Amino acid sequence: MRLVVLYGGQSAEHEVSLVTARHVLAATDPDRYDIRPVAITPDGRWVFAEDTARALAAGPEALPEALPAEGPEIAPMAAVAPEPGEEVVVFPLLHGPFGEDGTVQGLLELADVPYVGCGVLASALAMDKAKAKEVAAFHGLPQARWHTVHERDLADPGLGARLADELGLPLFVKPANMGSSVGVTKATSADAVTAALTEAARHDEWIVAEEAITGRELEVAVLGNLDPRASVPGEIVPGAEFYDYHDKYASGAAELRVPAEVPDEVADELRTLAVRAFRAMRCEGMARVDFFYAEDGRGLLLNEVNTIPGFTPISMYPRLWAATGVAYPALIDELVALARERHARRSAKRRRV
C-alpha cells in the first residue's frame, strides 16, 4: 500500500509541519507501506520530496529534524492518484489554513482516495474557532464566554473597551482560523485589546475574543470513526505566561504530564466531553480535544478541537495514546485503517447515486 505523507503547506505553521512529518515518517513501517513524501512549498507548489525519500531509504536516523520542502514539482492530483491496481492512502500533516481547514481534504475527496483524519466539514468547522464555538454551544458543551468580530469592526475605536467590559480583563484575542497559538495575544487593558485585534487581523479576517480562564490546561486524544474512543487525559503546564507558539515548539519549557493528575471522576468526564465534542464537530479519524479545568467551581470548559494535532517530540497526541496502550507505529496503522474504512463506507453511498 502506498502511503503519501503530505506536509509543509502555505500557512504560518509550515515549519511545524516539517518537524511533524519527520517524526511520522520515522515511525512508519517501511515493510508495510510504500512511503511517498510529498511537500507543499510556502508558495503553494506541490513537490516530490526526493531528498526526504533518499534519507528515509537510508534509515529513520538519516532524516533531518525538519524535512526540506523541495524537489521536482508535481501536479496535486498526480501526487495522490494511484497507479492501476495500486491502493493509496494519504496522510495529511498540514497544520493551519490550506491544509487543516478542509481545503486539501476537498481535493482528496475529488481524487477519491482515502485520507487520514477528519473530512471536509469537520476540518473546516474545527479550524474556524468562531463557528466551532457556536456548534459547541448548540450541543450544550461548557466553554468560556467569547465574542466574534470581523476585521472591518476594527474601525470602531471603542471596540477594545467594549470587549474588555463585556468579557473582563485579562482576555485572549486570537485569529479564528489559525493554530499553534499563532497570532494569539493575552490583553490586559482596553488599549492592549485594540492592539491584539490588529495583530490577529494579520492572520485572519475573523477574530475571537475570549475571557481568560484561571485553570489547568487538560487535553484528551480521540481516535475512531463512528465509534470513537478517548485516551487518558494529559496536562500542559506552560513554561510561559500562557502556552504560546514559542512555548510549544521552541523553548521546551512547557511541562507535559501524562496522565494528568486529576480525580477519576474528572478524568471520566473529560473523556466523555471529548467524545461529545468530537461527534458534535462531525470528526472522524483523529482529533485532540483541549479543555480548561477551572477548579473555582466552573469545572471543565471546552477550549478547542484540533483535527491535525502535532506529532513532534513534545506533542501530546501520540504521548496520550502511548500512555493508553497504543504505541506510535500502531497508532499510524490504526489511522490508516480508519481512513480506508471511512472511504469504503462513503464510496458505497456514492455508487448508489
For the stretch 6-29, indicate whether the set of residues that are of a type in the set (Val, Ile, Thr) and either without any contact (Cβ under 8 Å) to a residue 40 or more places away in the chain or outside the structural domain of Val89 (by TED's automatic domain parsing) (or both) is non-empty.
no
Starting from the stretch 327-347, take each residue that is in contact (Cβ under 8 Å) with a residue 12 or more places away in the chain and buried (at least 16 other Cβ atoms within 10 Å of the Cβ) and list its partners that are of a type in the set (Gly, Ala, Ser) and not in a helix (DSSP H, G or I), counting only C-beta distances under 7 angstrom and pairs at least six apart or across chains.
Leu335/Gly285; Leu338/Gly224; Leu338/Gly285; Ala339/Gly285
Any chance Ile35 is among the β-branched types (Val, Ile, Thr), within 18 Å of the chain's Cα centre (by Cα) and more than 19 Å from Cys283 (Cα to Cα)
no
For the stretch 293-331, how many residues meet the condition of being out of contact with any helix residue (DSSP H, G or I) (no Cβ under 9 Å at 6 or more places or on another chain) and in a strand (DSSP E or B)?
3
Within the stretch 105-118, residues closer than 23 Å to Pro228 by Cα and over 13 Å from the mean Cα position of the chain (by Cα) come out as Gln105, Gly106, Leu108, Glu109, Val113, Pro114, Tyr115
Among the residues of the stretch 117-130, is any buried (at least 24 other Cβ atoms within 10 Å of the Cβ), in contact with a Pro (Cβ under 7 Å, 6 or more places away or on another chain), among the small types (Gly, Ala, Ser) and over 20 Å from Ala348 (Cβ atoms)?
yes
Within the stretch 113-166, how many residues are of a type in the set (Phe, Trp, Tyr) and closer than 30 Å to Thr28 by Cβ?
1
Only one of these is surrounded by fewer than 17 Cβ atoms within 10 Å (Cβ to Cβ) and either in the same structural domain as Asp34 (by TED's automatic domain parsing) or within 22 Å of Phe292 (Cβ to Cβ) (or both): His150, His139, His95. Name it.
His139
Cβ pairs under 6 Å, 6+ apart or interchain, first in the stretch 158-182 and over 18 Å from Thr214 (Cβ atoms), second among the hydroxyl-bearing types (Ser, Thr, Tyr) and modelled with pLDDT of 95 or more, ordered by first then second residue, are Gly160/Thr194
Determine whether the stretch 77-89 contains at least one residue that is assigned to a loop (DSSP other than H, G, I, E, B) and buried (at least 19 other Cβ atoms within 10 Å of the Cβ).
no
Across the stretch 213-237, what is the number of residues that are free of Cβ contacts under 8 Å to residues at least 60 places away in the same chain and touching a helix residue (DSSP H, G or I) at 6+ places or on another chain (Cβ under 6 Å)?
2
Looking at the stretch 104-136, which of its residues are touching a residue at least 40 places away in the same chain (Cβ under 8 Å) and under 18 Å from Leu93 (Cβ atoms)?
Val104, Val113, Pro114, Tyr115, Val116, Gly117, Cys118, Gly119, Ala122, Ser123, Ala126, Met127
Quickly run through the stretch 297-313 and pick out the residues that are touching a residue at least 40 places away in the same chain (Cβ under 8 Å), closer than 27 Å to Glu211 by Cα and of a type outside the set (S, T, N, Q).
Arg298, Gly299, Leu300, Leu301, Leu302, Glu304, Val305, Ile308, Pro309, Gly310
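Anything in the stretch 157-214 that is in a strand (DSSP E or B) and touching a Lys or Arg at 6+ places or on another chain (Cβ under 6 Å)? List them, or say none.
Within the stretch 157-214, Phe172, Val208, Glu211 meet the criteria.
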Which members of the stretch 253-303 meet the condition of being modelled with pLDDT under 95 and surrounded by 17 or more Cβ atoms within 10 Å (Cβ to Cβ)?
Ala254
Residue that is crowded, with 21+ Cβ neighbours inside 10 Å, at pLDDT 95 or above and outside the structural domain of Gly310 (by TED's automatic domain parsing), where the choices are Ala192, Ala196, Ala176, Ala155
Ala196
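The values are calculated or read from the model by the stated rules, or taken from the named source; none is laboratory data. Just so it is clear, the model here is predicted, and its values are computed rather than measured. So basically every Cβ, Gly included, is an ideal-geometry build from the backbone, and we count neighbours across all protein chains shown.
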